[in-house]
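K.L.:
One structure coming up, written as structure tokens, with questions to follow.
The values are calculated or read from the model by the stated rules, or taken from the named source; none is laboratory data. Bear in mind that the values here come from a model prediction, so they are computed numbers and not experimental data. Note that we place each Cβ from the backbone using ideal geometry, even for glycine, and neighbour counts take in every protein chain shown.
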Amino acid sequence: MVPNHVGIILDGNGRWAKERGLSRSEGHLEGAKNLDKLTDYVFAKGVKVLSLYVFSTENFKRSKEEVDYLMDLFVKMFKKNFTEYNKKGYKIVFSGSRDNLNDDVINVMEEVTSKTKDNKNGTINFCLNYGSHKEIVDACKKIVNDNVDINILDENLFEKYLYNDLPGIDLLIRTGREIRLSNFMLWQLSYAELYFTDVLFPDFDSKEFDKALEEFNRRNRRFGGIDYEKKTN
Ligand code: IPE
Ligand code: IPE
Ligand code: MG
């Protein structure tokens, strides 16, 4: 079975570069190149939604030089990929806060979102300046602002107030050796299967993605039920 929604915490660009005596920026560039290839492969496999953690709210703690490099890389990447996304029919959405983002980033995000909004061959959700805690607090603020009647507020309605109305994540992959979530999509991960790999993101290729899919297919998802059916592959 192919997971409908895959989330990736793409980690390890810095260590990938360090291991080769390169700068952190070179690691991020290599990660970005890898992302382009990987995205096509993921959708070719039948995944419908791909959430990518590319910059956390906490990543602003890094040096100005690194943050500026990353923001510039995002702008270049989105400008370059624009036509490709449309040709391939990918819809692009963004999750995250606009606080602290510069106008170049905000403008390109708006442009990519509006120009790809009718595409139907897969959704890429870029989590940029994203933090789960902030997403949940921001949702609460919007709910209060809208004077939502608490008697009708339930999980389904709450979800409509998150940054994007997306299905729950089925498979979460974190590259780069750390076994933690780092504030990524805590609401959407409630029943995800978690896959952690030592492979650093620039090396996470289609073969590595296949390994994650194989592992996903060995899992027995029960969602709180009692189906102990044994998986054979
Ligand atoms: C992930 O790689 C990319 C971002 C967080 C933007 P890192 O930059 O965190 O790489 P490491 O963890 O230092 O190796
Ligand atoms: C998580 O990676 C954020 C992204 C991949 C964008 P970090 O490298 O920032 O996470 P920590 O600091 O090791 O938890
Ligand atoms: Mg990291």
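K.L.:
For Lys115, indicate whether it is free of Cβ contacts under 8 Å to residues at least 12 places away in the same chain, basic (Lys, Arg), farther than 25 Å from Leu213 by Cα and more than 16 Å from ligand 1 (Cβ to nearest atom).
P.N.:
For Lys115, the condition - free of Cβ contacts under 8 Å to residues at least 12 places away in the same chain, basic (Lys, Arg), farther than 25 Å from Leu213 by Cα and more than 16 Å from ligand 1 (Cβ to nearest atom) - is not met.
K.L.:
List the pairs whose first member sits in the stretch 57-73 and is without any contact (Cβ under 8 Å) to a residue 40 or more places away in the chain, whose second member is away from ligand 3 (no atom under 14 Å from the Cβ), and whose Cβ atoms are under 6 Å apart, counting only residues at least 6 apart or on separate chains?
P.N.:
As it stands, the answer is Met71/Val105, since those pairs meet every condition given.
K.L.:
Pick out the one residue from Ile124, Ile92 that is more than 15 Å from ligand 1 (Cβ to nearest atom) and in contact (Cβ under 8 Å) with a residue 60 or more places away in the chain.
P.N.:
Residue meeting the stated conditions: Ile124.
K.L.:
So which pairs qualify, if the first residue must be in the stretch 3-16 and in contact (Cβ under 8 Å) with a residue 40 or more places away in the chain and within 12 Å of Tyr53 (Cβ to Cβ), the second must be assigned to a strand (DSSP E or B) and polar (S, T, N, Q), the Cβ gap must be under 6 Å, and the two must be at least 6 apart or on different chains?
P.N.:
Gly7/Ser51
K.L.:
Looking only at the stretch 20-42, decide whether some residue is at pLDDT 95 or above, loosely packed, with under 14 Cβ neighbours inside 10 Å and hydroxyl-bearing (Ser, Thr, Tyr).
P.N.:
No, the stretch 20-42 has no match at all.
K.L.:
Right, another one. Looking at the stretch 24-78, which of the residues that are assigned to a helix (DSSP H, G or I) and hydroxyl-bearing (Ser, Thr, Tyr) is farthest from ligand 3 (Cβ to nearest atom)?
P.N.:
Tyr41
K.L.:
Look through the stretch 1-23, keep the residues that are within 11 Å of ligand 1 (Cβ to nearest atom) and not in a helix (DSSP H, G or I), and return whichever of them is nearest to Lys76 (Cα to Cα).
P.N.:
Residue satisfying both the conditions and the ranking: Leu10.
K.L.:
Give the stretch 189-200 a look and list any residue that's surrounded by 13 or more Cβ atoms within 10 Å (Cβ to Cβ) and either away from ligand 3 (no atom under 16 Å from the Cβ) or not polar (S, T, N, Q) (or both), or say none.
P.N.:
Hits for the stretch 189-200 are Leu189, Ala192, Glu193, Leu194, Tyr195, Phe196, Val199, Leu200.
For every residue, the table says whether it meets (1) surrounded by 15 or more Cβ atoms within 10 Å (Cβ to Cβ); (2) at pLDDT 95 or above; (3) within 16 Å of ligand 2 (Cβ to nearest atom).
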| residue | (1), (2), (3) |
| --- | --- |
| Leu162 | yes, yes, no |
| Leu181 | yes, yes, yes |
| Trp187 | yes, yes, no |
| Pro202 | yes, yes, yes |
| Asp205 | no, yes, no |
| Phe209 | yes, yes, no |
| Glu214 | no, yes, no |
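K.L.:
I would also like to ask the following. For the stretch 218-231, state whether one or more residues are within 29 Å of Glu155 (Cβ to Cβ), away from ligand 2 (no atom under 16 Å from the Cβ), in a loop (DSSP other than H, G, I, E, B) and touching a helix residue (DSSP H, G or I) at 6+ places or on another chain (Cβ under 6 Å).
P.N.:
Checked against the condition, which is being within 29 Å of Glu155 (Cβ to Cβ), away from ligand 2 (no atom under 16 Å from the Cβ), in a loop (DSSP other than H, G, I, E, B) and touching a helix residue (DSSP H, G or I) at 6+ places or on another chain (Cβ under 6 Å), the stretch 218-231 yields at least one hit.
K.L.:
Quick one: in the stretch 98-122, which of the residues that are in contact with a Leu (Cβ under 9 Å, 6 or more places away or on another chain) and in a loop (DSSP other than H, G, I, E, B) is surrounded by the fewest Cβ atoms within 10 Å (Cβ to Cβ)?
P.N.:
Residue satisfying both the conditions and the ranking: Leu101.
K.L.:
Quick check, is Glu84 loosely packed, with under 14 Cβ neighbours inside 10 Å, within 20 Å of Asn125 (Cβ to Cβ) and more than 14 Å from ligand 3 (Cβ to nearest atom)?
P.N.:
yes
K.L.:
Something else about it: Please state which one of Phe94, Phe82 is of a type in the set (Phe, Trp, Tyr), farther than 26 Å from Arg15 by Cβ and modelled with pLDDT under 95.
P.N.:
When all the criteria are applied, what remains is Phe82.
K.L.:
Can you tell me which of (1) without any contact (Cβ under 8 Å) to a residue 12 or more places away in the chain; (2) over 25 Å from Lys37 (Cα atoms) is the one Lys207 doesn't meet?
P.N.:
With (1) without any contact (Cβ under 8 Å) to a residue 12 or more places away in the chain; (2) over 25 Å from Lys37 (Cα atoms) applied to Lys207, the lone miss is (2).
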